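This report refers to the structure that appears directly beneath it.
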Number of protein chains: 2
Amino acid sequence: MEDKILLAHGSGGKLSHDLVKDYLLGPLRNPLLEAMDDSATFELFGRIAFTTDSYVVTPLFFPGGDIGKLAVCGTVNDLSMAGAVPKYLSLSLIIEEGFPLLKLNKIIDSIQKTAEEARVVIVAGDTKVVNRGCADKLFINTAGIGVIPKGITISAATAKVGDSVILSGPIGDHGIALLSQREGLAFETTLASDCAPLNTLVGDMLTVSHKINCLRDPTRGGLASTLNELAGQSRVGIAIEEEKIPVNEPVRAACELLGFDPLYVANEGKLVGVVASGDAEKIIDSMKKNRYGSSAAVIGAVVADHPGKVVMKTRLGTTRIVDMLTGELLPRIC
Amino acid sequence: MEDKILLAHGSGGKLSHDLVKDYLLGPLRNPLLEAMDDSATFELFGRIAFTTDSYVVTPLFFPGGDIGKLAVCGTVNDLSMAGAVPKYLSLSLIIEEGFPLLKLNKIIDSIQKTAEEARVVIVAGDTKVVNRGCADKLFINTAGIGVIPKGITISAATAKVGDSVILSGPIGDHGIALLSQREGLAFETTLASDCAPLNTLVGDMLTVSHKINCLRDPTRGGLASTLNELAGQSRVGIAIEEEKIPVNEPVRAACELLGFDPLYVANEGKLVGVVASGDAEKIIDSMKKNRYGSSAAVIGAVVADHPGKVVMKTRLGTTRIVDMLTGELLPRIC
C-alpha cells in the first residue's frame, strides 16, 4: 500500500476496502463495526441523546491532543451535557489526497485511546477522499448516541432564578494552546489544551445530585458565549464574578499580549453547570475528586434582573455586561 | 446579514447563532432541533440502526438533485438497507468562507424537502467555516438513527446459496449524470441522477416478505463492488446475467464513449437485494408498484461455486469474473 492517501482510497472499491481494513477496523476493532454493514445495529431502551460535530481544527496535532482526541471528546461531551452516558459514536473522515497514512494512523490510534477512556465504541464510519487542494488535510465528523438515566432532565432552557453557576476549571487553555502552535505565534509556554472527555465528571456530579438544571461545555465562543446561550434560552439573568473565574497564568499572559479576553477563548475540557444552590457545595465537592474538575468553583448565580443578559462584577468592583462573541477570534479552533 | 459566509459564521458567537436561526432552524423547524441543546433527546425502544456518511460531491447541484438531497437520501438509504425505518438525522456543515448564502438556502430547502419525503426529522446539527481555499465550497455530513421492526435481520453476511439476487432498476444514472455536469464533459442527454430515498421501497418489500437476507445500495464502486461485498461477507458465490441488468440508453452510450463499465458507475437510488428465491416474485411485484422500483428484476442467484466471487454470464454467452472496482472512475461522486 502507498504511504499517502490516493483518490482511489475513496472510490468505494478495492483500495477503499483495504484502507478500512488496514487503518480503521484494526485499531478500532469491535464486533459492531466489523459487521461492515451499511448501518450498525444494536438495542436501545429509554431516553436517548443524539448529537454531531465536525472537526476542522488546525494544526491537526497540538499540545494536549490532536484532531482525533478532539473529535471523540467533543461529541462525548455534548452527550454528557444532556446528562447522558455516551455509548456509540460514528466516525466520518474527509481526507485530502496525499495525506500521509502514518499521520492517519496516529490520529486513529488517538481516537481509539480516547474512546476507551470515555468508554464509547466507534460503531459506524465513512471515508471520503477529495482532490489535493480541495480540503485542508483532514476533517473529521463524529455523531454520538448516549442513554439518559431515568429522572434526569438537563437543558439549556431550565436555569432557575436562585440557581448557582459553576465552572469546572480554568478557562482558555485550548484556544491559547492552539494559537501557540500556529505559524509565527510561538509563546514561551508549555500550555496544553484541556481537551478531555467529561462523561465521568458529569457522572460524579449526578451521583450526588439530580438538581443539575443546565450543563454546557464552553467551546467555540468561550465561557461568555455559553453563559449568554443559557441566559437566553432560560430567559433569566446571569451574574458572575471575575475573581472567581480561574485563568491559568500562561493564558492570562498570552491574552494580555494579544488583547484577547479569556472569557471568549475556547475550552475543550471544561463545563458550566447551573445547579440548585442548596446542592452546589456537594456537587463542587464531587467534581473536585475527579481529575477533570479539580478546581471546580461557583462563579455566579442566576438572577431575576436583566433576563437574557450576563453581567460580571469585575476585579475593580465595577459591573459590566458580558456579551456573546462578535466576530471571530481564532478560526478553526475545533 | 452579509450575502456570503464569513469566518465569523463559524465562531460559536453571535453570527453563528444568527446563521443557525435564520438559515437552518427556519426551514428545518421542529421541536427537537429548536431546543438548541448540545444533544437532541428522544425516546427509543428496541433494535436500532445507526449510520453516517459525509458528502463531498461536485458539482453541488446536478440534474436530479444536489448535495442536500444526496446527504439525506444517502443516510436514509443506509438505514433502510438494515431494514430500519429511518427516524432522526443529524446535519453537519463544513462551509468554505465566501460561500453564497443563497446557495446555502437552496441546499437547506432541498434537505428539508427530501427529509419530508423520507419522513425523517433533522434533530441535531453543527456548522463549521474554514478559510477560503481550505475546503471546496461545502461538505455535508449526516448521521441517522432508524428503528428496526421486530423479526427483521438483514445483513451483508446472511446471503444463502439458492437465494435470488434482485436489482431495483437501471444502473449508472447518478455517476453519468454527474459526469455530464462536470467541466468539459457535456453530453447531449437529459439524464438525471437517480438520487432518491428508498425507505418506502424497502417498507413495501418487507410488507410482503421477511425472507430478505441482504440489502445494499450500490453507490460508490457501483453494482460490481456491492455484489463483491455481499459475496465476500457472506462467503458465497454470486452469479448474475448481463442481459437482465437494465441500463438506460444515455448511460450505455456515455459508458461506451468513455470506456466505462456501467457495473462500476455509482447509483444513489437503487438497491440490490438477496432474497429467498420462493419469495422473489412477490417481492419484485411489490417493488414494481413503488415509483423507485418500477423496473425491479431478478438479475442472478447466490451459488455454492466460487465463494467470495461474482461471475457474470455476458450477452455473448461467455462468463467472466466481475471484480471489485480497482482505481477510481469518478472522484467525488457522492
TODO: Let me know the volume per residue of the alpha-carbon convex hull for the range B:264-334, in Å³.
DONE: 138
Task: Compactness of the range A:82-233 as Cα Rg over 2.2 N^0.38 Å, two decimals - done: 1.25
Open item on the list: On C-alpha positions alone, give me the angle between the axis of helix B:277-288 and the longest principal axis of chain B, in degrees, nearest 10.
Closed with: 40
- [ ] Counting residues in the protein assembly as shown as N, plug N into 2.2 N^0.38 Å and put the Cα Rg over that result.
- [x] 0.98
- [ ] Shielding by partners for B:321-328, please: the mean number of other protein chain Cβ atoms within 10 Å of each residue's Cβ.
- [x] 5
- [ ] Convert 10 °C to kelvin, take the viscosity as 1.306 mPa s, use the Kirkwood radius over C-alpha pairs of the range A:39-147 as Rh, and evaluate the Stokes-Einstein diffusion coefficient in µm²/s, rounded to a whole number.
- [x] 111
Open item on the list: With the alpha-carbon atoms as the only input, what is the per residue convex hull volume for the range B:127-200 in Å³?
Closed with: 210
TODO: For chain A, find the longest principal axis of its Cα atoms and tell me its angle to the long axis of helix A:101-118, 0 to 90°, nearest 10.
DONE: 50
Task: Computed over the range B:164-321, the ratio Rg/Rh where both radii use C-alpha atoms and Rh is Kirkwood - done: 0.97
Open item on the list: Looking only at the range A:39-147, where both bridge partners belong to it, what percent of the DSSP beta bridges are antiparallel (to the nearest 5)?
Closed with: 70
Task: Between the range B:263-280 and the range B:84-131, the Cα center-to-center distance that results, in Å - done: 28
Open item on the list: Could you tell me the relative contact order of the range B:164-321? Use alpha-carbon pairs under 8 Å, at least six residues apart, and round to a whole percent.
Closed with: 43
Task: For the range B:1-54, alpha-carbon Rg relative to the globular expectation (2.2 N^0.38 Å, N residues) - done: 1.48
- [ ] Report, as an integer, the average count of C-beta atoms from other chains found within 10 Å of each Cβ along B:55-62.
- [x] 2
Open item on the list: Restricting to Cα atoms and excluding each atom paired with itself, what does the Kirkwood estimate give for chain B in Å?
Closed with: 20.7
Open item on the list: Using 27 Å as the Cα-Cα cut-off, could you pick out the over-long pairs in A:Lys282/A:Lys313; B:Lys289/B:Lys313; B:Lys113/B:Lys244; A:Lys113/B:Lys309?
Closed with: B:Lys289/B:Lys313; B:Lys113/B:Lys244; A:Lys113/B:Lys309
Open item on the list: Just to be sure I understand: of the beta bridges DSSP finds with both ends in chain A, what percent are antiparallel, rounded to 5?
Closed with: 75
Open item on the list: Taking each residue in A:278-286, count the Cβ atoms of any other chain within 10 Å of its Cβ, then average. What number comes out?
Closed with: 0
Task: Relative contact order %, chain A, counting alpha carbon pairs below 8 Å whose residues are six or more apart - done: 22
Open item on the list: Give me the percent relative contact order of the range B:19-142, please, defined on Cα pairs under 8 angstrom at least 6 residues apart.
Closed with: 37
TODO: Output, in nm with one decimal and in ascending order, the distances from the A:Ala276 label point to the matching label points of the other copies (7 Å from Cα along Cα-to-Cβ).
DONE: 5.6
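A short reminder: the numbers here are calculations on the coordinates, not readings from a lab. Everything quoted here is computed from the prediction, not taken from an experiment. Methodologically, a virtual Cβ is constructed for each residue, glycine included, from the backbone with ideal geometry; neighbour enumeration extends over all protein chains shown.
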